[in-house]
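Let me begin by presenting the structure, written as structure tokens, before commenting on it.
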Amino acid sequence: MFQADIIEQCKQNNRKAQLQLYNQYCDGMYIVAKRFLKDASDAEDVVQEAFIKAFSKLHQYKAEVTFGAWLKRIVVNKSIDFLKAKKQQLVELEEVHLKVVDTVNDDKWLVDDAITLCDVKQAISNLPDKYQYVVMLYLIEGYDHQEISEILNISEVASRTQLSRGKAKLQELLTLKQDGTRY
């Protein structure tokens, strides 16, 4: 069955089609939620809520983007809402204190060859929240600054600045000392 057919059937509250769509996307959306929430049961809850919202708002889906991208946006927003509800508020920077850094080297995310993916994930999880979310949305999820500003309810300038500062902090965390340790 084609994706468009499944979505049309879901719009008509066909439970089999909804289950099929759920089974197709649940694992991927769980991984997205887990990146933000760390706790498996919280990630499962957020994915369930995201699917409920997606099915209730399916009439708003216009196929301008893939269904997976549309659903991923819902999962990311639900994850951030969950964090906010747990009093892990995002710290917003004052516009006056922002300094935008846009250089030719700004897109280079180079680290030492000895750094593992596990090291990178650990370093990202050790970033302050205000940097962690922007770095995750930009680097891992692939959102641009306009999308990040909408998701986090910050300006594009704040997104760029927080990414720049987050990247600097991430590189600092990943820098190997001469003896091969990071401590």
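The values are calculated or read from the model by the stated rules, or taken from the named source; none is laboratory data. The shown structure was predicted, so the numbers you read here are calculated from the model rather than taken from an experiment. In this analysis, Cβ positions are derived from the backbone assuming ideal geometry, glycine residues included, and neighbour counts consider all displayed protein chains. When the accessible area is computed, the model is the full protein with side chains, heavy atoms only, and any ligands, DNA or RNA have been set aside. Shrake-Rupley method; radii C 1.70, N 1.55, O 1.52, S 1.80 Å.
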task: Check off (1) in contact with a helix residue (DSSP H, G or I) (Cβ under 6 Å, 6 or more places away or on another chain); (2) in contact (Cβ under 8 Å) with a residue 24 or more places away in the chain; (3) open to solvent by 40 Å² or more (accessible area, probe 1.4 Å) for Lys38 and give me the number that stays unchecked.
output: (1)
- request: Hey, can you tell me all the residues within the range 136-146 that are surrounded by fewer than 21 Cβ atoms within 10 Å (Cβ to Cβ) and without any contact (Cβ under 8 Å) to a residue 40 or more places away in the chain?
  value: Leu139, Gly142, Asp144, His145, Gln146
